[in-house]
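These notes concern the structure reproduced below.
The values are calculated or read from the model by the stated rules, or taken from the named source; none is laboratory data. Note that the structure is predicted; figures quoted are calculated from it, not measured. For neighbour counting, all protein chains shown are included, and Cβ atoms are generated from backbone atoms with ideal geometry for every residue, glycine included. Heavy atoms of the whole protein, side chains included, go into the accessibility calculation; ligands, DNA and RNA do not. Shrake-Rupley method; radii C 1.70, N 1.55, O 1.52, S 1.80 Å.
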Amino acid sequence: MSDFPGKIGRTIGESTPWWPSPPERDKVLPNIITILFDDTGWADFGCFGSEISTPNIDSLAAAGLRYTNFHVTPLCSPTRACLLTGRNHHNVGMRCLSDTDTGFPNGRGAVDRSVPLLPELLRELGYATYMVGKWHLTPSEEITSAGPYCNWPVRRGFDRFYGFLGGCTDQYAPELVQDNHMVDPPLRAGYHLSEDLCDRAISYFRDHASIRRTAPFHMHFCFGATHAPIQVHRDYVDKYDGVFDKGWDRAREDRLARQVELGLVPENTKLVPRNPGVPEWSSLSGDERRLFSRLQAAYAGFLDHSDAQIGRLVGELKRLDLHDNTIFMVFSDNGASMEGGLTGAVDCNAAYSGEAEPVSEMVKRLHDVGGMAGPSHYPEGWAMAGNTPFRRYKQFVDLGGVRSPLVLSWPMGLRNSGEIRHQFLHAVDVAPTLMDLTGERHGAAFDGASFRATLADPEAPAPRDVQHWEMLGRRAVFCDGWKAVSEHEKGDDYAADVWHLYDTHNDFSESTDLAAQYPEKLTQLQDIWWQEAEANSVMPLDDRTLVDILTFRQPNGLMGEREITFRPGQGHISHVSMITSSERSMEITAHFNGPLRDEEGVLVAAGDRIGGYSLYVKDGKLTYEYIRLRHRSQLSGTLPSETRTCKLVNRLDADMRIHAQLFAEGKLVAEAGVGDASRHLSFWGLDIGRDAAVPVSDAYEAPFAFPQEKLDRIEMRFFENPDPENIAHMAGLAE
């Protein structure tokens, strides 16, 4: 109180009040909107050569700039960490995905709390900070209804958050979080997550315009699109019927030709050879071509639909008179994904559970693609086309994994519109650039540097001339126009890795390996990689596969518990908790407050009607339904009078098949084999005492809640720790 400029007397009549004045600004600070796509290839925006319709992104490009030499990391979480910190991802504890803490400082699955994020820095300047969409920077063990919340968005600088915390979610029934609490999905007819995110962003804009109009804002808008599950309204899929019948080989040629015509790439740019394992389109059967064209149509519709939401955002900003002084940046977190495999999937739960569906079966379900029953994924041949003219995909440090389209627009701040920039940039350069554009050259220890000069000057130098990459043991380094890239797979001797060398000044697509021609230059770049790796906390090198990382159960969080007690009325358990599937033998025991009379309802439900399980009481019976890839099994037993406890026991045999038993008051009431175990049943997790999303069973209407006053607790016990070899087998990745 000693610094109070007014006067405090004994009474108000003897006192002088004082109120702080709003901070004076010598200029109006720009609003900032960063729009981040997921798994979208460099060539997938219309303004980067695609046949996919993205008119709103294209309009931003026409009014702004396109950057052709912008780089990211090959995976989601690391790029997001780079973007929001301006630091290299190993340096801040995010070497791979946030899903796993590897036990080393460079792979904690969370951004080091001592490193400020962009919204925290902007908030110090008076910015309102909002985020909608995918976060993927919270460790899996912290994604619970009880926190801890220290790595959730609102504790890392955002005033408001609405979206999902994990890596992906169902677009029709998403696992949603609002600020610091989980919320049920709005299961209304016609619902879609991208539209919901846009609605929420618009509501934030309207509140801001009405109440905090004199303050600038930062909106971080992160689509779930175009990551699998690929889901979009059928009219968007149908729009692209026939468009992709030409196949991925012709699509690559067409896209490169348009890129040359648009001035995005030099005329002499070569199309790299087809990626290993991808067949020629002409060699495919008729059923394969029909299926693969429809799967790519769903992807195109998904991106098209997302672009429409960008149009809604821009339109609302114009209506609110907030548009002209807003910086827009649109880009992707990594290249297009090969995780759909060679044949893609009508139901990507199959691919995620390691059991690819045969084409002969999938082609019968073309009508499901993109819908609730068809959360699809495209074949990797289309990912190859998405990354035209580059090689490889997401997870790889080749250009197909790390080159992203970047569109930057600022109506009030750019003199030249529709131009193209070719300077080498990386995601770590975004935060320092945005801070520079606010006039605040912050003292944060950025690894990146501002590329502000390139906005006005196409000949301005790149802000930096060295950048390294490492992912899953694969390595690359850029230095002054030269690029070295290593080949590496799990278990390879790092010392024996084959390295390739490219002259990026004269070889835009990195098509010609010069390693044999310039061995001294390659050695120089390899030495630089080790120097950068030492300086940026890259060690220890870790070449575990992505599936290894995602299935690793660290000794903390729910995934490390052998016994868990749940209570009715508690929050949702996310599917990223790694306890909501069926790859471990387990028992679930329900304890009631007094004997059952005629009470009914769900005791435990996980997943949905495509994949999941439900244990419920109905018509005097205890019923267990188990669904894996739409194959449903049901087991029921009559409950004796005076039932106070009942139990489900799932035991896995050596072939990973489940034998289920139902008990009431300690007596066996039913048993049978119910199908194969799975490490991934669906993108919806687990609920206690109700079925909160798309119901698992057709025998009831959601939520079919069991009376809370009657249900005391649910105990879940795992019989053994998961066998890594069995998990690898289920993932289809056993050596």
Evaluated at q = 0.14, 0.16 Å⁻¹: base-10 log I(q)/I(0), Debye formula over Cα of segment 358-480: -0.81, -0.94
Of A173, G133, P119, which is farthest towards the positive pole of segment 84-201's charge dipole, taken about the Cα centre with +1 and -1 on the beta-carbons of Lys, Arg and Asp, Glu respectively? P119
So which lysines can K318 reach, going by Cα to Cα under 24 Å and dropping same-chain residues fewer than 8 places off? K27
Can you work out the accessible area per residue across segment 32-179, with the rest of the protein chains kept in place, probe 1.4 Å, in square angstrom? 19 Å²
Which one, F37, A62, H89, is farthest towards the positive end of the dipole of segment 34-104 when Lys and Arg carry +1 and Asp and Glu -1 on their Cβ? H89
Whichever lysines have a C-alpha closer than 17 Å to that of K521, once near sequence neighbours (fewer than 8 apart) are set aside: K483
How compact is segment 528-609 by the rule of thumb for globular proteins, expressed as Cα Rg over 2.2 N^0.38 Å? 1.75
On average, how much accessible surface per residue is there in segment 231-295, in Å², for a 1.4 Å probe, leaving out ligands, DNA and RNA? 51 Å²
Order these peptides, 348-357, 269-278, by their mean beta-carbon neighbour count within 10 angstrom, highest first. 348-357, 269-278
In nm, to one decimal, how far is the R644 label point from the L320 one, both placed 7 Å along Cα→Cβ? 5.8 nm
Mean Cβ count within 10 Å, highest first, over the residues of peptides 107-115, 32-40: 32-40, 107-115
Normalised convex hull volume, the chain, alpha-carbon set, Å³ per residue: 180 Å³
Go through E175, E120, E253 and list them by solvent-accessible area, largest first, probe radius 1.4 Å. E253, E120, E175
Expected vector for segment 646-652, Karplus 3J(HN,Hα) from phi with 6.51, -1.76, 1.60 and θ = phi - 60°, integer Hz, x for Gly and Pro, equals 9, 8, 10, 10, 10, 10, 9
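Just need the Rg to Rh number for segment 19-74, please, alpha carbons only, Kirkwood Rh.
Across segment 19-74, the Cα-based Rg/Rh ratio is 1.20.
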Using θ = phi - 60° and the Karplus form 6.51 cos²θ - 1.76 cosθ + 1.60, what ³J(HN,Hα) does each residue of segment 513-526 get, whole Hz, x for Gly and Pro? 7, 10, 4, 5, 7, 10, x, 5, 5, 4, 4, 4, 5, 4
Amide proton proximity set for H218, modelled H, under 5 Å, gap of 5+: I32, A128, T129, Y130
Determine the dipole magnitude for the chain: charges of +1 sit on the beta-carbon of Lys and Arg, -1 on that of Asp and Glu, nothing else is charged, the reference point is the Cα centre, and the result goes in debye to the nearest 20. 1540 debye
Considering only protein heavy atoms and a 1.4 Å probe, what is the carbon-and-sulfur percentage of the accessible area of the chain? 49 percent
Spelling it out for N593: with amide H atoms placed in the peptide plane at 1.01 Å from N, the residues 5 or more places away or on another chain with amide H under 5 Å from its amide H are L711, D712
From the phi angles alone, apply the Karplus equation (6.51, -1.76, 1.60; θ = phi - 60°) to segment 334-340 and give each ³J(HN,Hα) in whole Hz, x where the residue is Gly or Pro. 6, x, 4, 9, 9, 6, x
Tail fraction, Cα-Cα pairs, segment 471-541, threshold 15 Å, whole percent: 53 percent
Excluding same-chain residues fewer than 8 positions from K667, which lysines have a Cα within less than 26 Å of its Cα? K618, K621, K647, K710
Which of V694, L662, C646, positive extreme of dipole for segment 644-697 (C-beta unit charges): C646
To the nearest 0.05, the calculated FRET efficiency linking Q634 and V498 through their beta-carbon distance, R0 being 51 Å, is 0.45
Under the rule of -39500 (n - 2.57) per DSSP H run of 4 or more residues, summed and divided by the residues of the chain, what mean residue ellipticity at 222 nm is obtained, to the nearest 500 deg cm²/dmol? -6500 deg cm²/dmol
Could you order peptides 624-633, 369-378 by the average number of other Cβ atoms within 10 Å of their residues, highest first? 369-378, 624-633
